[in-house]
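Chemist: First the structure, then my questions, so here it is.
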Amino acid sequence: MAEKSPRVQSVSDAFRVDPESFDLAGVDPAATPVGPRSKAAAARDLAVVGEELDRLQEALYAEGVGGGTRRVLLVLQGMDTSGKGGTIRHVAGLVNPQGLRIASFKKPTRAELRHDFLWRIRRQVPPPGHIGVFDRSHYEDVLVARVDNLVPATEWQRRYRRINAFERELADEGVTIVKCFLHISPERQRDRLIARLEDPLKRWKYNPADLGARGKFSRYQVAYRDALVKCSTPAAPWFAVPSDRKWYRNWVVARLLLEALRGLAPAYPQPSYDPAVELARLRDADPLR
């Protein structure tokens, strides 16, 4: 018997980080608490989600062309191998690339280090009508900076407040922020690192420095817990996404993006001309006839 389509409750409610009660240690990276229970069911639902995402994104893009200021920013954070790139491929790939702006934040360059830590982030905020995707983000400056002792503790602690103020500013400017922490277990990370080394076609993804970060896995979990709790706000909530199962991770992020766009309910702008008049001109006075 074919598996029934999943009955989906609010995915946002299921995975939103509540600063008052959130415990990262209590989040199972392999859990599937809502939605599909199999890869096949997730694939079927993702196809349906993709059709609606595409329609809503086109309306958002048209709204921006018409002078609207609203846009969406999807922030992806997670340990190495948690699937930021895969999520971009499988989720952002569902919509028209013309309306996408994807930014990947690596180790800051010398030029970037001469500026405030938010300087390079501000430059990548998506324009009106677009969906922006951040592969890593400004949170690197309270994660890596903390774990690797790149700045004094007083500095990275101060950055929580600055990040909240920055995200509140973006929200006031019409940016809907969807922040996803792709939560992976150390066991699954090990499996994926091994797979990269064993497959010649995946070795380009591997960096020997990955083992250095893996050795700090528990310290990163503490840093992530604090960042999620201190920076999950009404204007920019965090969502803790179980990511041991790639198919479930992709489904959750796609659904979160869909719920954000549904909430915006973007509308096509009304034309500044009379369509009936223009049709008559084209039919009766077409210069190419």
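Chemist: What are the residues whose amide H is under 5 Å from the amide H of VAL133, where those residues sit 5 or more places off or on another chain and H is modelled from the backbone?
Modeler: LEU74, ARG101, ILE102, ALA103
Chemist: Here's something else I'd like to know. Can you list the HN-Hα couplings for the range 224-229, worked out from phi with the Karplus curve (6.51, -1.76, 1.60; θ = phi - 60°), rounded to whole Hz and with x for Gly and Pro?
Modeler: Result, ordered by residue: 5, 4, 5, 5, 5, 6 Hz.
Chemist: Tell me the relative contact order for the range 79-151 as a rounded percent, counting alpha carbon contacts under 8 Å between residues six or more apart. Spell out each step's value before the answer.
Modeler: On the way: 46 pairs, mean separation 26.7, N = 73.
For the range 79-151, the relative contact order is 37 percent.
Chemist: Take the Cβ-Cβ distance between ARG262 and GLU187 as r, set R0 to 41 Å, and report the resulting FRET efficiency rounded to the nearest 0.05. Before the final figure, lay out each step's value.
Modeler: Details: r = 35 Å, r/R0 = 0.87.
Plugging the Cβ-Cβ distance into 1/(1 + (r/R0)^6) gives 0.70.
Chemist: Can you give me the solvent accessible area of VAL175 with a 1.4 Å probe, rounded to the nearest 10 Å²?
Modeler: Answer for VAL175: close to 10 Å² accessible.
Chemist: Still on this structure, I have one more. Over 21 Å between C-alpha atoms is what I'm after, so list which of LYS106/LYS202; LYS205/LYS246; LYS39/LYS216; LYS107/LYS246; LYS205/LYS230 land there.
Modeler: On the way: LYS106/LYS202 19 Å; LYS205/LYS246 17 Å; LYS39/LYS216 31 Å; LYS107/LYS246 26 Å; LYS205/LYS230 32 Å.
Exceeds cut-off: LYS39/LYS216; LYS107/LYS246; LYS205/LYS230.
Chemist: Computed from these coordinates, which is Rg and Dmax of the Cα atoms in Å: [x] 25.5, 94; [y] 21.2, 74; [z] 17.8, 53?
Modeler: Read-out taken from this structure: [y].
Chemist: Also, quick follow-up: Name the shape class, rounded, prolate or oblate, that the alpha-carbon gyration tensor gives for the range 60-200, where a ≥ b ≥ c are the square roots of its eigenvalues, rounded holds for a/c under 1.5, and otherwise prolate holds if a/b is larger than b/c and oblate otherwise.
Modeler: Numbers: a/c = 2.14, a/b = 1.16, b/c = 1.84.
The shape class here is oblate.
Chemist: Also: Rounded to the nearest 0.05, what FRET efficiency do THR69 and HIS115 give with R0 = 30 Å and r taken as the Cβ-Cβ distance? Could you check?
Modeler: Details: r = 25 Å, r/R0 = 0.84.
Efficiency computed from Cβ-Cβ geometry: 0.75.
Chemist: With each label point set 7 Å from Cα along the Cα-Cβ vector, what nm distance links VAL151 and ARG219?
Modeler: 1.8
Chemist: Amide H neighbours of THR233 under 5 Å, counting only residues 5+ apart in sequence or on other chains, H built in-plane at 1.01 Å?
Modeler: Here the answer is TRP238, since their amide H atoms fall under 5 Å of that of THR233.
Chemist: Quote to one decimal, in nm, the extra length available between ALA276 and LYS107 on full extension: 0.36 nm per residue of separation minus the C-alpha distance between them.
Modeler: Separation in residues times 0.36 nm, less the Cα-Cα distance, equals 55.3 nm.
Chemist: To continue, here is another question. Between ASP54 and GLN98, what is the label-point separation in nm under the 7 Å Cα-to-beta-carbon projection?
Modeler: Label at GLN98, label at ASP54, 1.4 nm between them.
Chemist: Can you list the HN-Hα couplings for the range 33-48, worked out from phi with the Karplus curve (6.51, -1.76, 1.60; θ = phi - 60°), rounded to whole Hz and with x for Gly and Pro?
Modeler: With coefficients 6.51, -1.76 and 1.60, one gets x, 9, x, x, 10, 9, 4, 5, 5, 5, 5, 5, 5, 5, 5, 5 Hz.
Chemist: To the nearest 10 degrees, how steep is helix 153-172 against the longest Cα principal axis of the chain, on a 0 to 90 scale?
Modeler: That helix lies at roughly 10 degrees to the long axis.
Chemist: Report the GluC sites (Glu not before Pro) located in the range 1-91 that are in a DSSP loop and have at most 10 other Cβ atoms inside 10 Å of their Cβ, or state none.
Modeler: On the way: sites: GLU3, GLU20, GLU51, GLU52, GLU58, GLU63; in loops: GLU3, GLU20.
Passing sites in the range 1-91 are GLU20.
Chemist: Can I ask one more? Quote the relative contact order of the chain in percent (integer), defining contacts as alpha-carbon pairs under 8 Å separated by 6+ residues. Before the final figure, lay out each step's value.
Modeler: On the way: 392 pairs, mean separation 92.7, N = 289.
The value is 32 percent.
Chemist: What spacing in nm lies between the two simple spin-label points modelled at ASP172 and ARG89, each 7 Å away from Cα in the Cβ direction?
Modeler: 4.1
Chemist: For the range 117-128, take each phi angle, set θ = phi - 60°, evaluate the Karplus expression 6.51 cos²θ - 1.76 cosθ + 1.60, and give the result in whole Hz per residue in order, putting x for glycine and proline.
Modeler: The phi angles translate into 5, 8, 4, 6, 6, 4, 5, 10, 4, x, x, x Hz.
Chemist: Scan around GLN124 for amide H atoms under 5 Å from its own, H built in the peptide plane at 1.01 Å from N, and keep only partners 5 or more places away or cross-chain.
Modeler: Result for GLN124 returns nothing.
Chemist: Please compute the length gained on full extension between GLU198 and ARG122, using 0.36 nm multiplied by the number of residues separating them and subtracting their Cα-Cα distance. Intermediate results must be reported in sequence, preceding the final value.
Modeler: On the way: separation 76, 0.36 × 76 = 27.36 nm, distance 3.87 nm.
Using 0.36 nm per residue and subtracting the Cα-Cα distance, I get 23.5 nm.
Chemist: What length, rounded to one decimal in nm, is gained on full extension from ASP284 through to ARG44, with 0.36 nm per residue of separation minus their alpha-carbon distance? Provide the component values of the computation, followed by the final result.
Modeler: Working: separation 240, 0.36 × 240 = 86.40 nm, distance 4.76 nm.
Stretched out fully, the ASP284 to ARG44 stretch lengthens by 81.6 nm.
The values are calculated or read from the model by the stated rules, or taken from the named source; none is laboratory data. Here the structure is a predicted model, which means the values were calculated and not measured. A quick note on method: Cβ atoms are made from the backbone with ideal geometry, for glycine too, and the neighbour counts reach across all protein chains shown. SASA here: full protein model, heavy atoms, side chains in, ligands and nucleic acids out. Shrake-Rupley method; radii C 1.70, N 1.55, O 1.52, S 1.80 Å.
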